[in-house]
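The values are calculated or read from the model by the stated rules, or taken from the named source; none is laboratory data. Quick caveat: nothing in here was measured; it's all calculated off a predicted structure. Neighbour counts run over all protein chains shown; Cβ positions are idealised from the backbone, glycine included. Remember, those area values only see protein heavy atoms, side chains included, never the ligands or the DNA or RNA. Shrake-Rupley method; radii C 1.70, N 1.55, O 1.52, S 1.80 Å.
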Amino acid sequence: NAGVTQTPKFQVLKTGQSMTLQCAQDMNHNSMYWYRQDPGMGLRLIYYSASEGTTDKGEVPNGYNVSRLNKREFSLRLESAAPSQTSVYFCASRPSGGAETQYFGPGTRLLVL
Amino acid sequence: QKEVEQDPGPLSVPEGAIVSLNCTYSNSAFQYFMWYRQYSRKGPELLMYTYSSGNKEDGRFTAQVDKSSKYISLFIRDSQPSDSATYLCAMSARGNNRLAFGKGNQVVVIP
């Protein structure tokens, strides 16, 4: 059981370049999330998708776009990368009903030069 | 005031000691309380989950929730070097899709 998977594991971009971070889950979860984690800042929610076909802004959405491609996949796009977007990005998913827990992927380390 | 406050540490303890971590929160609607463990360069993994007030024990780990004081704790007994990680508290209200996280507390267990 793979759980939540993320690609790539590591990426280096130049300022102004674009890229898409991929996330997939095989647990049949309805909700999916994108976070960034920076030293001293903790986990901050970028965007989330409560169900297939819906997306909502989180705490720090500026500079990002998301696509909930289907129930399994939720991608995060940086259209024009900036050094301030250097971070570790985590995808998470949440089962529907009952507990409010979330399950995280292994992360993508992004360096923007 | 942030919704969830967690002292970032770091906290260094000798092997075998009891580790005590805590978070305070301001939102009285929170009912679901979690502790995540995050090893270096890895994603957070769910360690403990508690609904409402009370204690929950799982092996060497005990989670406590005191809703009247808006205070949650995690205790690690007989700590091991493999417990060295960052521990994040998280909480949510019923029906809320989002978790509120503490900033994490780095724990180092010295052999």
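Of the residues that make up region A:95-106, is at least one away from chain B (no Cβ under 14 Å), open to solvent by 10 Å² or more (accessible area, probe 1.4 Å) and either of a type in the set (Gly, Ala, Ser) or over 22 Å from residue B:30 (Cα atoms) (or both)? Looking for residues that are away from chain B (no Cβ under 14 Å), open to solvent by 10 Å² or more (accessible area, probe 1.4 Å) and either of a type in the set (Gly, Ala, Ser) or over 22 Å from residue B:30 (Cα atoms) (or both), one finds none in region A:95-106, hence no. Within the set A:88, A:66, the sole residue that is buried (at least 19 other Cβ atoms within 10 Å of the Cβ), under 13 Å from the mean Cα position of the chain (by Cα) and either at the interface with chain B (Cβ under 8 Å from one of its Cβ atoms) or part of a strand (DSSP E or B) (or both) turns out to be A:66.
Where in region B:1-59 are there strands (runs of 3 or more DSSP E), lying fully within it, with 2 or more residues that are out of contact with any Cys (no Cβ under 6 Å at 6 or more places or on another chain) and more than 14 Å from chain A (Cβ to nearest Cβ)? I'd like the intermediate steps shown before the answer.
Details: elements: B:11-14, B:19-25, B:30-38, B:45-51, B:54-58.
Here the list reads B:11-14, B:19-25, B:54-58.
For region B:30-68, the set of residues classified as free of Cβ contacts under 8 Å to residues at least 24 places away in the same chain, open to solvent by 20 Å² or more (accessible area, probe 1.4 Å) and under 20 Å from residue B:3 (Cβ atoms) consists of B:46, B:49, B:51, B:52, B:53, B:64, B:66, B:68, listed by residue number.
On the basis of being within 10 Å of chain B (Cβ to nearest Cβ), buried (at least 19 other Cβ atoms within 10 Å of the Cβ) and within 14 Å of the chain's Cα centre (by Cα), does residue A:25 make the cut? Outline the logic, then answer.
Numbers: within 10 Å of chain B (Cβ to nearest Cβ): no; buried (at least 19 other Cβ atoms within 10 Å of the Cβ): yes; within 14 Å of the chain's Cα centre (by Cα): yes.
Taking the combined requirement at face value, the residue does not satisfy it.
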